[in-house]
Amino acid sequence: MTRMQRIQPTIVKPAAVILLWGLAAYCAAQAYPSRPIRMMVAIGAGGGTDVTARIVSQKLSEQMSVPFVVENRPGAGTIIGTEAVAKSAPDGYTLMTASPEISINPSLHAKLPYETMKDLTAISQLTSGQYFLSTHPSVPVKTVKDLIALAKARPGRVTYGSSGNGSANHLGGVLLQYMTGTTLVHVPYKSAAQAATALMSGETDFMMSSTTAAIGAIKNGRLRGLAVTGPKRLPLTPEVPTVSESGVPGYEVTGWYMMMAPAGVPRDIMARLNGEIVKAVHSPAVKERFAALGTEPVGNSAEACGEFLRAEIAKWTKVVRAAGAKAD
């Protein structure tokens, strides 16, 4: 046996291992998904995040031929559910429909049990939207100017509800208070649905409600929509002005939902998920449902979604610091 023949096995074996590993990874990717996928919602059932998650999950289930199981795990301003996702296996079988709270919490809390941009990864932005500043019909106001005047006449007595400390509708109220020089009372609830129920029963005076959750109540008169919080009027309710054009120039709070996963999901699975999500949110049936709820589909790349999230974190950091907002 020659020297070359003797050393040949030591050359071939590593190459064979690499080839087999690559083949196994390829086969695993081709098999994905092979079991149900968990869709975490870190807010209670009935709110805009929950509704959006269920619409998209249903379509993804049809496209990918596996069940998408929506799991609501509310608490601590979405921190509990978000932590569960951040600490899940990065295998593509645990996803999360995230809302603006995920961009607010890093500046509102001194310490989180996860690092947003390190332990989680963005897959695609689902929608873009805004909020209604809505009141109970018994509140003696019909415009934002009326509400501001009422708050100044009754300092510390005008209340607004939210889906919890650190939520977007909490910070929307904080920003309104800061920009108008009023003293408002924040009343946190365990979910957006509970906060909306409290508003419709007259328990609180007003709320920043996602268009997804509030449009029905405004249309049937259970709530009075004073304004929308975005940069332009909503096509569904063109008669409702923006907060900015209603006496608080520069006020703007936009809403959005995005799909996220634990950091470290294999690149090929991420690519598959991104492609399926983009296809789902731009499908005619889903676009129609979004339009009826006052939101617009986005469906961007994972890179663009990640950059958007970084920008949102920076934006809310400035708001929290300027307004002196606190989680409690």
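The values are calculated or read from the model by the stated rules, or taken from the named source; none is laboratory data. Keep in mind it's a predicted model, so treat the numbers as computed, not measured. Quick reminder, even Gly has a Cβ in these numbers, built from the backbone with ideal geometry, and neighbours come from all protein chains shown.
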*Filter segment 236-257 down to residues that are touching a residue at least 12 places away in the same chain (Cβ under 8 Å) and in a loop (DSSP other than H, G, I, E, B), then give me how many there are.*
11
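Among the strands (runs of 3 or more DSSP E) lying completely within segment 36-133, list those that include at least 2 residues that are more than 15 Å from the chain's Cα centre (by Cα).
On the way: elements: 37-41, 68-72, 94-98.
So the answer is 37-41, 68-72.
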*With the checklist (1) surrounded by 15 or more Cβ atoms within 10 Å (Cβ to Cβ); (2) within 19 Å of T121 (Cα to Cα) in hand, flag the one item V286 doesn't pass.*
(2)
*If A193 satisfies every condition in (1) buried (at least 17 other Cβ atoms within 10 Å of the Cβ); (2) more than 22 Å from the chain's Cα centre (by Cα) but one, which is the exception?*
(2)
*Is it the case that segment 271-279 has a residue that's surrounded by 14 or more Cβ atoms within 10 Å (Cβ to Cβ) and outside any helix (DSSP H, G or I)?*
no
*asked:* Return the pair list, or none, for Cβ contacts closer than 8 Å from residues in segment 164-190 that are outside the structural domain of P106 (by TED's automatic domain parsing) to residues that are basic (K, R) and assigned to a loop (DSSP other than H, G, I, E, B), at least 6 apart or on different chains.
replied: G164/K190; V185/R157
*Does segment 197-213 hold any residues that are under 24 Å from R154 (Cβ atoms), touching a residue at least 40 places away in the same chain (Cβ under 8 Å) and part of a helix (DSSP H, G or I), and which are they?*
L199, M200
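Identify, please: which residue in segment 134-147 is assigned to a helix (DSSP H, G or I) and in contact with a helix residue (DSSP H, G or I) (Cβ under 7 Å, 6 or more places away or on another chain) and is, among those, surrounded by the fewest Cβ atoms within 10 Å (Cβ to Cβ)? Spell out how you get there, then give the answer.
Of segment 134-147, the ones assigned to a helix (DSSP H, G or I) are 144-147.
Checking which are in contact with a helix residue (DSSP H, G or I) (Cβ under 7 Å, 6 or more places away or on another chain) leaves us with 144-145.
Numbers: V144: 24, K145: 14.
Once the filter is applied, the top-ranked residue is K145.
Scan segment 305-328 and give yes if some residue there is at positive phi, at pLDDT 95 or above and over 20 Å from the mean Cα position of the chain (by Cα), otherwise no.
Within segment 305-328, the first condition is being at positive phi, and the residues that meet it are 324.
Pick out the ones that are also at pLDDT 95 or above and you get none.
Scanning segment 305-328 turns up no residue that is at positive phi, at pLDDT 95 or above and over 20 Å from the mean Cα position of the chain (by Cα).
From A227, A214, A261, which residue is crowded, with 21+ Cβ neighbours inside 10 Å and either touching an Asp or Glu at 6+ places or on another chain (Cβ under 6 Å) or modelled with pLDDT under 95 (or both)?
On the way: A227 fails: either touching an Asp or Glu at 6+ places or on another chain (Cβ under 6 Å) or modelled with pLDDT under 95 (or both); A261 fails: either touching an Asp or Glu at 6+ places or on another chain (Cβ under 6 Å) or modelled with pLDDT under 95 (or both).
Criteria check complete, one pass: A214.
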*Which ones in segment 211-232 are touching a Ser or Thr at 6+ places or on another chain (Cβ under 8 Å), under 22 Å from N72 (Cα atoms) and among the small types (G, A, S)?*
A214
